[in-house]
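Coordinate-derived values only; no laboratory data. Owing to the predicted nature of the structure, the values given are computational and were not obtained by experimental measurement. FYI the Cβ positions are ideal-geometry reconstructions off the backbone, even for glycines, and counts take in every protein chain you see.
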Amino acid sequence: MIEHLKSEEIIDKVGGRFKLCALIQRRMVELLEGARPLVDRKGRSDLELVMDEIMSGKITLEFEDPEAASTLEGSGVTLPD
């Protein structure tokens, strides 16, 4: 899954490199705090797991306040309906 970082596909999917970094960081924290993975682990690292969750559309980065988008305040990982 780390190969996804080498392509522009994952960057385009999230909306930019900064947003990708923010999403990865926030989801990694959730996993470290005990959140359940949304895809099968299959012996993969947390980073590989997050990459698979992003590529499969299981998680996105959304902003509660559109004006906070520039600072990432009020943002969080969301699960699509």
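Which lysines, on any chain, are close to residue 6 with Cα under 17 Å apart, when same-chain ones fewer than 8 places away are left out? Excluding near neighbours in sequence, the set is 19.
If you rank 41, 36 by fewest surrounding Cβ atoms within 10 Å, what's the result? Please report the intermediate quantities before stating the final value.
Working: 41 12, 36 7.
Going from sparsest to densest Cβ surroundings: 36, 41.
Taking a straight line from the alpha carbon of residue 42, these lysines sit under 19 Å away, with near neighbours fewer than eight places off in the same chain left out: 58.
For 53, 3, 30, 62, what ranking results if the residue with the fewest other Cβ atoms within 10 Å of its Cβ goes first?
Working: 53 22, 3 9, 30 17, 62 13.
Taking fewest neighbouring Cβ atoms as first place, the list is 3, 62, 30, 53.
Where Lys and Arg each count +1 and Asp and Glu each count -1, what net charge lies around residue 40 among other residues with Cβ under 12 Å from its Cβ?
Numbers: positive: 36, 41, 42, 44, 58; negative: 48, 52, 53.
So the environment of residue 40 carries a net charge of +2.
In this label model, residue 36 and residue 9 are separated by 2.8 nm, measuring between points 7 Å along each Cα→Cβ vector.
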